[in-house]
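The values are calculated or read from the model by the stated rules, or taken from the named source; none is laboratory data. Owing to the predicted nature of the structure, the values given are computational and were not obtained by experimental measurement. All Cβ positions, glycine included, derive from the backbone under ideal geometry; neighbour counts span all protein chains shown.
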Amino acid sequence: MKKSVALVIAAVFFASIVIVGFFGMRVVSYNEKIYISEIRLTNPEIRASTDGSRYMIFDYRDGLTIPFTFDVLPENATERNSVEVRIVSQSDEGVAEFISGNLIVYKPGSFTVRAMSTDGRNVVAGCDVYIRSA
């Protein structure tokens, strides 16, 4: 009796290996990191030039503040707040600076602003901003 029980257990064990091997099992990681794949600039003032670059134009006035808005995709990215915004070049020193989601403009000129993911994929979106003399 003991031999037959051992043989049945062995047969079930090997049959289960064959069945799982045939049908397969997908490995699911519940801690999978979902990276930012796209940053979309959402400012309504953004225009596109013929070469595909993006820009905004504003007339200068004292206290000019421009909200810099964007969406991060996909919606379920693990670190949606991993975006750094900075002004990377200016036509003249002190034209503008980025503070708390806003571009603070101090004088006429131009600058380039970029939003870059810092979650490891370095996705970048940006535009040029032109501030005309009033």
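Some points to look at:
- Residue within the range 14-27 that is touching a residue at least 24 places away in the same chain (Cβ under 8 Å), among the hydroxyl-bearing types (Ser, Thr, Tyr), farther than 17 Å from Met116 by Cβ and not in a loop (DSSP other than H, G, I, E, B) present: no
- Any hit, the range 92-107, residues being at negative phi, in a loop (DSSP other than H, G, I, E, B) and aromatic (Phe, Trp, Tyr): yes
- The set of residues in the range 87-102 that are touching a residue at least 24 places away in the same chain (Cβ under 8 Å), over 14 Å from Tyr55 (Cα atoms) and in contact with a strand residue (DSSP E or B) (Cβ under 6 Å, 6 or more places away or on another chain) comprises Val88, Val95, Ala96, Phe98, Asn102.
- Residues of the range 50-66 that turn out to be surrounded by 10 or more Cβ atoms within 10 Å (Cβ to Cβ), within 18 Å of Arg114 (Cα to Cα) and not hydrophobic (A, V, I, L, M, F, W, C), as a count: 4
- Cβ pairs under 6 Å, 6+ apart, first in the range 33-60 and within 11 Å of Tyr130 (Cβ to Cβ), second of a type in the set (Val, Ile, Thr) and assigned to a loop (DSSP other than H, G, I, E, B): Met56/Ile46
- Test: residue in the range 35-43 that is loosely packed, with under 15 Cβ neighbours inside 10 Å and touching a Pro at 6+ places or on another chain (Cβ under 7 Å): yes
- For the range 108-134, a tally of residues being assigned to a strand (DSSP E or B), farther than 16 Å from Asp62 by Cβ and not polar (S, T, N, Q) returns 12.
- Residue in the range 30-45 that is within 24 Å of Gly101 (Cα to Cα), touching a Cys at 6+ places or on another chain (Cβ under 9 Å), modelled with pLDDT of 80 or more and not basic (Lys, Arg) present: yes
- Tally, over the range 100-119, of residues that are more than 18 Å from the chain's Cα centre (by Cα) and buried (at least 18 other Cβ atoms within 10 Å of the Cβ): 4
- Selection from the range 71-97 of residues that are of a type in the set (A, V, I, L, M, F, W, C) and surrounded by 16 or more Cβ atoms within 10 Å (Cβ to Cβ): Val72, Ala77, Val83, Val85, Ile87, Val95, Ala96
- Residues (within 22 Å of Arg40 (Cβ to Cβ), at pLDDT 95 or above and polar (S, T, N, Q)) located in the range 90-116: Asn102, Thr112
- Among the residues of the range 50-89, those that are of a type in the set (Phe, Trp, Tyr) and part of a loop (DSSP other than H, G, I, E, B) comprise Tyr60, Phe68.
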